[in-house]
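Trainee: Sending over a structure as structure tokens; questions will come in a sec.
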Amino acid sequence: MPSAVPVTNRRGVLAGGAALAALGVVVSACGESPPKPPAAEDLLGPLDEARRDSSLAGAAAAAVGNPPQIAAALTVVATQRAAHARALATEIARAAGKLTSSSSETTSPSPADAAAPPPPAPPLSDVVDSLRTSAESASRLVATSSGYRAGLLGSITASCTAAYQVALVPAGPTP
């Protein structure tokens with residue numbers, strides 16, 4: 001009694017292989033959930049640090065007794081850190097889906113603030129320490145971020161590091 005052996009041809013094998021490959025792609029795509037973007041709340045710390053650094057550097061720049069090149073560098077640092085704060089606020093608003101045409105915040109001084117004497121200017125070492133802390137904080141977040149956010153945090157890290165290691169170093173004796 002002859003047995004019926006199924007005959008497989010090359011076309012059948014190729015078609016079956018293609019069907020299995022397509023099935024594998026569909027199954028793997030359905031099994032993975034899209035990665036969640038890092039929470040916008042992670043940027044609140046660097047935002048507060050940028051605002052604090054800008055305020056410190058601005059107050060230190062206005063202090064009497066700083067060499068002119070240090071006062072100028074502090075003014076630049078204050079401006080850069082204010083720009084970092086605006087960029088971080090914009091990214092937080094974008095991530096939260098609340099992006100508006102203007103995300104800068106303005107506050108007007110209260111009458112009580114006008115009558116109070118200004119606080120003493122912070123020493124240069126306080127500005128340097130604050131910038132160092134900000135650079136380390138942003139650097140830690142770069143590792144868990146991607147895309148624009150990672151670039152923004154990397155830029156902040158580089159800017160803060162350059163400020164406290166290069167721009168705010170008082171000129172020493174020249175050889």
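The values are calculated or read from the model by the stated rules, or taken from the named source; none is laboratory data. Bear in mind the structure is a predicted one, so any value in this text is a computation, not a measurement. Neighbour counts run over all protein chains shown; Cβ positions are idealised from the backbone, glycine included.
Trainee: Only one of these conditions is not met by G58: (1) among the small types (G, A, S); (2) surrounded by fewer than 17 Cβ atoms within 10 Å (Cβ to Cβ); (3) touching a Ser or Thr at 6+ places or on another chain (Cβ under 9 Å); (4) at pLDDT 85 or above. Which number is it?
Mentor: (2)
Trainee: Follow-up. For residues that are surrounded by 20 or more Cβ atoms within 10 Å (Cβ to Cβ) and out of contact with any Phe, Trp or Tyr (no Cβ under 9 Å at 6 or more places or on another chain), scanning just region 66-79, find the one that is farthest from A167 (Cα to Cα).
Mentor: Ranking the candidates gives A78 first.
Trainee: In region 102-122, which residue that is out of contact with any Leu (no Cβ under 6 Å at 6 or more places or on another chain) and surrounded by 12 or more Cβ atoms within 10 Å (Cβ to Cβ) is modelled with the lowest pLDDT?
Mentor: If we take residues in region 102-122 being out of contact with any Leu (no Cβ under 6 Å at 6 or more places or on another chain) and surrounded by 12 or more Cβ atoms within 10 Å (Cβ to Cβ), then S103 is modelled with the lowest pLDDT.
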